[in-house]
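Novice: Before we start, here is the structure in question, set down as structure tokens.
Readers should treat all values here as calculations from the given coordinates under stated rules, not as data from a laboratory. Worth saying up front: this structure is predicted, and the values here are computed from it rather than measured. With ideal geometry, Cβ positions are generated from the backbone for all residues, glycine too; neighbour counts draw on all protein chains shown.
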2 protein chains.
Amino acid sequence: MAAKRLGLLAGGGELPLLVARAARAQGYSVVSIALTDTTPTALQGISERMYRLSPGQAHRILSTLRQERISEVLLIGKVNKEILFERFRFDLRALRLLFRLPNRDDDTILAAIVTELEGEGFHVLPPLHFLADQVPSKGVLTRRRPTRREWADIEYGVPLAREIGRLGIGQTIVVRDQMVLAVEALEGTDETIRRGCALGKEGAVVVKVSRPQQDLRLDMPTVGLQTIRCLAEGKAAALAIEAEKTLLVHGEEMLEEAERAGLSVVAV
Amino acid sequence: MAAKRLGLLAGGGELPLLVARAARAQGYSVVSIALTDTTPTALQGISERMYRLSPGQAHRILSTLRQERISEVLLIGKVNKEILFERFRFDLRALRLLFRLPNRDDDTILAAIVTELEGEGFHVLPPLHFLADQVPSKGVLTRRRPTRREWADIEYGVPLAREIGRLGIGQTIVVRDQMVLAVEALEGTDETIRRGCALGKEGAVVVKVSRPQQDLRLDMPTVGLQTIRCLAEGKAAALAIEAEKTLLVHGEEMLEEAERAGLSVVAV
């Protein structure tokens, strides 16, 4: 019997490695397509084969998956949206896809890619399929619980962050004393945390949630060691994430680092 | 008959000067209270008297206005919200006001200040009372009209900017190709424009609108020469503002600068 085969469309960061390892542990053989310069090279060692293709080479990506006799596909890792400004690197298929979009929200782009993949007969798996144990349940994840003031900021921030997500703008906001210090758009989570913490001086509360319409097959809110380091450097007080919907990358190390920095991490 | 007397609670920027000059031209004598280090010193020359008080000295501000036999008050100019983090400088009355607030949105803070002033018998005038000719009607204000792509970004951006305003977060967003590049929170308009333009490389569209619940007596969206310069330096393509609700500071110079930079400015 042939092994199960997973096509991993891999952006940057560590998540592609975590998924590839977990997939292998579940008996898959993994064929990776590295989509960005920041896709970890270590992915090669875990994969049966690894290709390097630009996200704009839609035709090559699809034909590679077919040649490799892939039926299950998983999208994981950070692909910088600025790639959209480099259209000269796009093939005709990718350009057609791009110009059919009603807008360029993350959700819109990703949904179009999934429709395209499923239209070609591929089955798109959610990262949760392999990373279920990296997703926290509701509760305070650190020894330190949020203070009353921090809870007030979390309660103020969560619905606002959801609205920002609903609008397709970003997932992260930084709050202090029930004021919004920073809102994430294209600059990304870390930069948003840095800016907000600098404006709030210290004691800021960072809230990161999913978009209500977010398809968790494609894209899940993720926090990791780097997130915690940004909070610690910015003298933030607490991080609130969404229970059951947020990936903790290297969760144990991450929470140890949070303890050391005196941070409170809460899944709401 | 005694001259009409205006109490000008003045923050930073040029607007206090413009209001004071216009008020004098309408026969008012002006007593100014400089609230920030950035309140222009030139205000002294236009005012009958000028006091320097911190926004946290609520009791002194009210007693000064009473001593000066002021009945009409106008709030104008930028007061950095970071002042809220310096509570040790607040008197009891200001602290009471601050701690009664349900949150620290601009609108909430300003509404509480107005309630306080009106409760003491002062009448709060809108800046429009003196600056009506600085507010544009609907239309394209520059010779260059927006391109079709720029219009698409304006149409995409305006309702999103309104939502950001409705949430009490900020008034400005930067858009390109129907993606939100940057959202304003506490960092202010200029910094938001710089960040968004840097992320969008060039051709960004900046949208600045009022908050739906914004009380124009207190606070109006304002654009000026500095706004245009930020757009020009960031190689932006267009600025969209709200007709009838946005103050153009030194509108003529501003639009000349926009023409030179090849920008399109639209009141929607």
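Novice: Taking Cα pairs under 8 Å and at least six residues apart, what relative contact order does chain A come out at, in percent?
Specialist: Computed over chain A, the figure is 17 percent.
Novice: Roughly speaking, what is the stretch gain from A:Ala25 to A:Gln67, that is 0.36 nm per residue apart minus the C-alpha to C-alpha distance, in nm to one decimal?
Specialist: 12.7 nm is the gain from fully extending A:Ala25 to A:Gln67.
Novice: Would you calculate the separation in nanometres between label points at B:Ala152 and A:His123, each defined as 7 Å from the Cα along the Cα-to-beta-carbon direction?
Specialist: Once both label points are built, they end up 3.7 nm from each other.
Novice: Using a/c under 1.5 as the rounded threshold, could you call chain B rounded, prolate or oblate? The axes a ≥ b ≥ c are square roots of the C-alpha gyration tensor eigenvalues, and prolate needs a/b larger than b/c, oblate otherwise.
Specialist: Prolate.
Novice: Over 28 Å between Cα atoms, which of A:Lys208/B:Lys235; A:Lys208/B:Lys78; B:Lys4/B:Lys81; B:Lys81/B:Lys245; A:Lys78/A:Lys235 qualify?
Specialist: A:Lys208/B:Lys235; A:Lys208/B:Lys78; B:Lys4/B:Lys81
Novice: Rounded, prolate or oblate: which one fits the range A:135-267, using the alpha carbon gyration tensor with axes a ≥ b ≥ c (rounded when a/c is under 1.5, else prolate when a/b beats b/c, else oblate)?
Specialist: rounded
Novice: Name the residues of the range A:162-193 whose amide N is less than 19 Å from a point 7 angstrom out from the Cα of B:Leu101 along the C-beta direction?
Specialist: Under cut-off, by backbone N: A:174-183.
Novice: If the only charges are +1 at each Lys and Arg Cβ and -1 at each Asp and Glu Cβ, what is the size of the charge dipole of the range B:116-268 around the Cα centre, to the nearest 20 debye?
Specialist: Approximately 760 debye in magnitude.
Novice: Relative to the longest principal axis of the C-alpha atoms of chain B, give the angle of the C-alpha long axis of helix B:251-260, reported between 0 and 90° and rounded to the nearest 10°.
Specialist: 20 degrees
Novice: Whose amide H sits under 5 Å from the amide H of A:Ile33, counting only residues 5 or more places off or on another chain, with H placed in the peptide plane?
Specialist: A:Leu8, A:Leu9, A:Ala10, A:Tyr51
Novice: Ok, one more. According to a simple spin-label model (label point 7 Å from Cα along Cα-to-Cβ), what is the distance in nm between A:Thr115 and B:His250?
Specialist: It works out to 4.9 nm between the two label points.
Novice: Moving to a separate point now. Grab the DSSP H runs of the protein assembly as shown that are 4 residues or longer, score each as -39,500 (n - 2.57), total them, divide by all residues and round the 222 nm result to the nearest 500 deg cm²/dmol.
Specialist: Helix-only estimate at 222 nm: -11000 deg cm²/dmol.
Novice: Place a point 7 Å from Cα of B:Val140 in the direction of its Cβ. Which residues in the range B:207-242 have their backbone N less than 15 Å from it?
Specialist: B:237-241
Novice: What whole number of Å gives the distance from the Cα centroid of the range A:193-268 to the Cα centroid of the range A:12-65?
Specialist: When both Cα centres are located, 26 Å separates them.
Novice: A further question follows. Under the definition of Cα pairs under 8 Å and six or more residues apart, what whole-number percent is the relative contact order of the range A:78-204?
Specialist: Relative contact order comes out at 14 percent.
Novice: Note down the relative contact order for the range A:4-131 as a percent, whole number, built from C-alpha pairs under 8 angstrom at least six residues apart.
Specialist: That works out to 28 percent.
Novice: Still on this structure: Between the DSSP loop rule and a limit of at most 15 other Cβ atoms within 10 Å, which GluC sites (Glu not before Pro) in the range A:187-268 are left?
Specialist: Of the GluC sites (Glu not before Pro), the ones in loops of the range A:187-268 whose Cβ has at most 15 other Cβ atoms within 10 Å are A:Glu202, A:Glu244.
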